[in-house]
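Here's the structure, in structure tokens; my notes come after.
The values are calculated or read from the model by the stated rules, or taken from the named source; none is laboratory data. None of the values given here were measured: they were computed from a predicted structure. Cβ coordinates were reconstructed from backbone atoms using ideal geometry, including for glycine residues, and neighbour counts include every protein chain displayed. To get the accessible areas, we keep the full protein, side chains included, count just its heavy atoms, and leave off ligands, DNA and RNA. Shrake-Rupley method; radii C 1.70, N 1.55, O 1.52, S 1.80 Å.
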Amino acid sequence: MNSNLMANEKYSLKQIQEKLLVILLEFDRICKKNNLKYSLDSGTLLGAIRHNGFIPWDDDVDVVMLRKDYKKFIRACKKDLNHDLFTLETTKTSKYYSYNFGKLKMNNTIYEEKGSSKVKEHKGLFLDIFPLDNTSKITYKIQYKLAYFWQTIRWNKIGREFSTSHKKINSFFGKILPLKLVNFNAEFALRFCNIFPTKNVCKLCHYGKGKKPHSRQFYTNIIEHTFEGEKFFVPKDYETWLNMRYGDWKKLPPIEQQKPGHAIRIEL
């Protein structure tokens with residue numbers, strides 16, 4: 001696939017990134033209006049520091065917030081979000097929403113992910129909003145594995161396609177448990193350490209590599225940094241964060257890895 005084209009080769013990557021920036025600006029506007037802290041995250045943070053904008057082949061945007069700010073953001077969106085242009089989706093705002101984190105989506109667009117064709121959720125172009133929860137080196141693996149387990153039960157119930165090594169267990173719980181209880185169990189797995197003061201937090205809501213506990217100071221001690229000609233928040237000690245997450249992050253990956261890979265269907 002040409003790195004400048006998306007899954008259906010109809011829209012350029014630049015067109016996608018321009019619209020993603022519009023979503024990010026709306027998110028930033030609401031956060032600054034309500035004095036909420038956040039940080040660019042993952043490849044978006046890497047792009048901000050290494051490229052002063054998107055990684056040239058990136059096709060998504062990620063941000064993180066401490067759980068308390070995440071909850072405030074959801075409440076703020078009820079009155080401050082431009083609902084004509086955007087929709088905020090979480091398991092609390094949409095019955096058939098897929099994930100343990102939120103997505104801010106652009107209306108009148110389609111950005112369909114693999115496995116989601118049968119799910120009755122908003123399929124617009126999106127920004128991922130990841131809440132950070134209290135954890136420890138002892139509990140974090142249990143927390144994110146439990147949260148992911150309950151997320152796959154949700155997928156079973158809402159019709160999302162996925163693979164699992166626990167198909168029978170997944171099917172059993174999917175049949176007997178109501179969706180509200182499934183969502184409650186996922187939330188509990190993420191948040192049961194939040195009643196304790198902890199030094200570390202973790203992106204437990206997003207199952208995958210690189211999800212280890214790290215200091216909450218990355219997200220309380222933040223600065224503004226240029227991203228596509230605009231200013232957004234990043235950790236003040238972003239170099240330490242990037243070293244922990246990516247190792248030699250200043251080096252570009254091999255050319256064969258420089259391509260987008262999130263969407264299977266796009267309409268702008």
- Task: Answer with a single label: of [x] 0.94; [y] 1.03; [z] 1.00, which was calculated as Rg/Rh (Cα atoms, Kirkwood Rh) from the structure in view?
- Result: [x]
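Of all DSSP beta bridges in the chain, what percent run antiparallel (nearest 5)?
Details: 26 of 31 bridges.
Roughly 85 percent of the beta bridges in the chain run antiparallel, per DSSP.
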- Query: What lysines sit close enough to K33 to cross-link, taking a C-alpha to C-alpha distance under 25 Å and skipping anything fewer than 8 places away on the same chain?
  - Reply: K19, K68, K71, K72, K78, K79, K92, K103, K105, K203, K231, K236
- Please find, in a Gaussian network model of the chain (springs between Cα atoms separated by less than 10 Å), the residue of G124, G43, G229 whose mean-square fluctuation is greatest. G229
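Select from the stretch 157-252 those GluC sites (Glu not before Pro) which occupy a DSSP coil region and have at most 11 other Cβ atoms within 10 Å, ordered by residue number. Could you put the intermediate results ahead of the total?
Values: sites: E161, E187, E224, E228, E230, E239; in loops: E161, E228.
Those that pass, being in a loop and sparsely packed, are E161.
Could you report the stretch 138-239's accessible area per residue, 1.4 Å probe, as an integer in Å²? Spell out each step's value before the answer.
On the way: 5950 Å² over 102 residues.
Accessible surface, normalised per residue, equals 58 Å².
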- Relative contact order in percent for the stretch 133-234 (Cα pairs under 8 Å, 6+ apart) equals 36 percent
- Item | Percent carbon-and-sulfur accessible area, the stretch 147-218, ignoring ligands, DNA and RNA, probe 1.4 Å | 62 percent
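Let me check against my output: what whole-number percent is the relative contact order of the chain, with C-alpha pairs under 8 Å and at least 6 apart? Could you put the intermediate results ahead of the total?
Values: 459 pairs, mean separation 67.3, N = 268.
Value for the chain: 25 percent.
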- Message: Placing one identical point scatterer on every Cα of the stretch 1-130 and ignoring solvent, what is log10 I(q)/I(0) from the Debye formula at q = 0.11, 0.14, 0.19 Å⁻¹?
- Response: -0.38, -0.63, -1.16
- For the stretch 75-123, rounded, prolate or oblate, judged on the Cα gyration tensor with a ≥ b ≥ c (square roots of eigenvalues), a/c < 1.5 rounded, else prolate if a/b > b/c? oblate
